[in-house]
1. Of all residues in the stretch 314-342, how many are open to solvent by 50 Å² or more (accessible area, probe 1.4 Å), free of Cβ contacts under 8 Å to residues at least 40 places away in the same chain and farther than 16 Å from residue 360 by Cα?
2. Select from the stretch 328-343 the residues that are modelled with pLDDT under 85 and not in a strand (DSSP E or B) and list them in ascending order.
3. Against the condition surrounded by 13 or more Cβ atoms within 10 Å (Cβ to Cβ) and aliphatic (A, V, I, L, M), how does residue 454 come out, does it pass?
4. Could you list, in sequence order, all residues of the stretch 477-497 that are open to solvent by less than 60 Å² (accessible area, probe 1.4 Å) and in contact (Cβ under 8 Å) with a residue 12 or more places away in the chain?
5. So for the stretch 775-791 (the condition being outside any strand (DSSP E or B), surrounded by 13 or more Cβ atoms within 10 Å (Cβ to Cβ) and modelled with pLDDT under 50), does at least one residue qualify?
6. For the stretch 63-120, which residues satisfy the criterion of being of a type in the set (Ser, Thr, Tyr), open to solvent by less than 20 Å² (accessible area, probe 1.4 Å) and closer than 19 Å to residue 37 by Cα?
7. Go through the stretch 495-518 and give me each residue that's outside any strand (DSSP E or B) and among the hydrophobic types (A, V, I, L, M, F, W, C).
8. Pull up the stretch 285-313, narrow it to residues that are of a type outside the set (D, E, K, R) and loosely packed, with under 12 Cβ neighbours inside 10 Å, then point me to the one that is farthest from the chain's Cα centre (by Cα).
Amino acid sequence: MNGAILRWAFPRALPKRFVQTASLPLLMAAAYYVGCLAGFALRFPDSGISFFWPPTAVLAAALILVASRSWSLVLAASFAAHAVAHAQNGVPVAAWPVQFLGNTVQAVLAALVVRRYSGPGLLFAGLHKVLIFIVGACFMAPAIASLIPASIYVAMGWAEGFAQAWRVRTVSNAIATLTIVPSLVVAVRHLKNRPLVVPRRLVEYLLLLAGLTAVHMAMESVARADALGLAALYAPMPFLLWATIRFSGPGLSFALLWTSLMIIWSTLRGEGPFAAAEDAVIGVQLLIAVTAVPMMLIAGLLEQNRREHLALVDAEQQNSAILRALPDSIFLQTRDGVYLQHYAKATGDSTVIRQSFLGRNMRDVLPPEVAEAFSQAFEGITGEGPSVVEFGRMVNGETRRYEGRFIGLDGNRVLSIVRDITERWRSEKVLRETQQRYALATSAGGMGVWELDIHTGTVLVEGDLRAMLGYSEKEIGNRLTDWQHLVSPADRERLHGQLISFMAGLSPTFGLECRMTHRNGSERWIASQGAITDKVGNVPSRARGTYADITERKETARALSDANDALVRTGRIAAMAELSATVAHELNQPLTAIATNASACLRWLDTHVPLDILRGALNDMLHDSRRASHILERTQEMFTNRPVQKASLDLGEVVRDVLELSSPRLREFDVHLEFVLESKPLPVLADAVQIQQVLLNLIVNGVDAMQHVTGRTRVLRISSRRCRRVAVVSVRDSGTGLQADTATRVFEPFFTTKPAGTGMGLAISRSIINGHRGRMWLVANVDVGTTFRFTIPLIDAESLAPADAPSSSVTVRQHR
């Protein structure tokens, strides 16, 4: 409120932080000043003795509530208020410091005791906290703090004796602390926390205060010192008990303060049981003390029991929630197996007991084999650890697995926990089967796993890799370098490069096929795959992978390649057999010409023919011999046994060479040849001899397809063209064509429509085109015959033709 007043009065001159800082001392000074006025007003008539001294209690409550760093401000403000109030009351200036010193020492001691052993705002949190407050703050602090003022009072002549001065001051401050401090602490805590006020509870408390007021009003008419007067003194006790039980410490504190003020006020007005007493002040103080102390102890005990009860309820709720959340069935049984209590969900499983099973023995409610297993487990129960039993049951037509755990609570009871472990049991079963398959695969298939610690370079290899290489477990270490030394020198540099990239994190995976040296000097092929599995600060730290012995696969692939090469050569030989007559016919022409020219030259030597004529004949002989040699060279290249040699070449030139080679056969079978060839080069990466073999095989098949054609011209059309990324070559015949079921099988090995065919020509041809990353297929012509096509990917043609060369076609019709 003081802060609000300051902000209203000086809205611009005072910053917010200053207003907050100034509020505490102003509020403290006002409270202390009011307390001093109340203390002066509560002095017994014709005496300087006060029933209790509120300022010290107000200061103690403030020191309990505020932070220790603010104590200096609180004490300074309190001293200023102390001086003003005592000056107005006519107290000599010399007495101000002495009185305030006693008040300060008492308040500081009380605050230190409460803050150290009880905690601010928790005076009634338990019986021990109430005892600490009563003994430490209400009696020990005033007793210690009154020693110095009492001595000074006697020395200055303000008191007749030390004992009387010490007693009066101690009791007055003790009663004030006992009644005022709890109320102030509770009020400030309430204002700070702002709890929800229940109207019904508020009405009840107001009725309680009204009852206390009515009782005290009735007590004012009793001014007697006999038994009736003594009974009137304890008339408020039922209402104080009501406040203690229903409203605990906070409600009791205000009720006690209200009762004390009403008793003091009645006594000051000369009414009530203490009106006729000789020492009314001491009587009132004793009444307040003997009333407040037991009530506060009861309140502390009740609060402690309430808190313990709430803790037990909370623990019970937590345990209940845990039990409800657990999938297990939990039973409490006797050592003989009788069910006492259970925490089990209602299921259709016969192993879960129902409410009707309580009080019955497990042998009467469980299946015999399960009950027997449980009984044996009960016999082995100790206090050190649980006994565990696993058993299976048929539930709804399926086998389920359970685990029973039994542990002794005491000498007479056992806690039983039954858990459904079917899923775990199945997972473990699958895991065991997987481990068995893994062990079988690694032992029989040359497979295994490895794990690499990148920081230390340690590699753990599981499997029989050492045995595959002819070494024992101790002969090859666990360092990465130990394994690198076994890699073939031809693959070591490639392995090193991949490992550097992989271990540096540049490549997330690792994959390599390399040769490793056997102990006997031979080599085995090992394929390894791996990946980074752990990182530390985005830096790879651990990798895992697999390895496999692929030596047999490599040997099989090499054998298959050799067999395929032999098969290709077989196809070439078959084609050579078919072309042998054509080649002989082709060679016959230049050989005949050579023989004729040679005979003519011999005759001309005897007749002195001019040298020009003789020279021309010799040149013809030389030309014919070169022609024959060229025919033999091309034939030899096609059917020679040499490895595949892919090179950049013009596919159009290869087509022209094959056409020149196959021309005799076309003429022999009266076949008209038409070819439409791309004039611009078709650059491809291919083996010329294999492409020639494919073309020759397609031409031979086309000619064979037209052997039985009569009544129309036999035409073989060969074309080449450029597409976007591939070169396309087509061989079209005008034969009888293929049936639908036959057309789908012509590329199958050993399938043929020729009586004397091997069925390998087209299969080999497609294999060759596939090896060149191309494609081969057939198309049934609309009119007659069949067209075979194949593609080969194009490459950069800058080295074969100018970039601006036009793309056009050249059409040639060749007759027989």
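The values are calculated or read from the model by the stated rules, or taken from the named source; none is laboratory data. Given the structure is predicted, the values throughout are model-derived calculations rather than measurements. With ideal geometry, Cβ positions are generated from the backbone for all residues, glycine too; neighbour counts draw on all protein chains shown. Surface accessibility is based on the protein's heavy atoms, side chains included, excluding ligands, DNA and RNA. Shrake-Rupley method; radii C 1.70, N 1.55, O 1.52, S 1.80 Å.
1. Qualifying residue count, the stretch 314-342: 9.
2. 328
3. Yes; evaluated as a whole, the condition is true for this residue.
4. Scanning the stretch 477-497 gives 480, 483, 484, 486, 487, 488, 491, 495.
5. no
6. Matches in the stretch 63-120: 78 only.
7. 495, 499, 500, 502, 503, 504, 506 - these are the residues of the stretch 495-518 that are outside any strand (DSSP E or B) and among the hydrophobic types (A, V, I, L, M, F, W, C).
8. Once the filter is applied, the top-ranked residue is 309.
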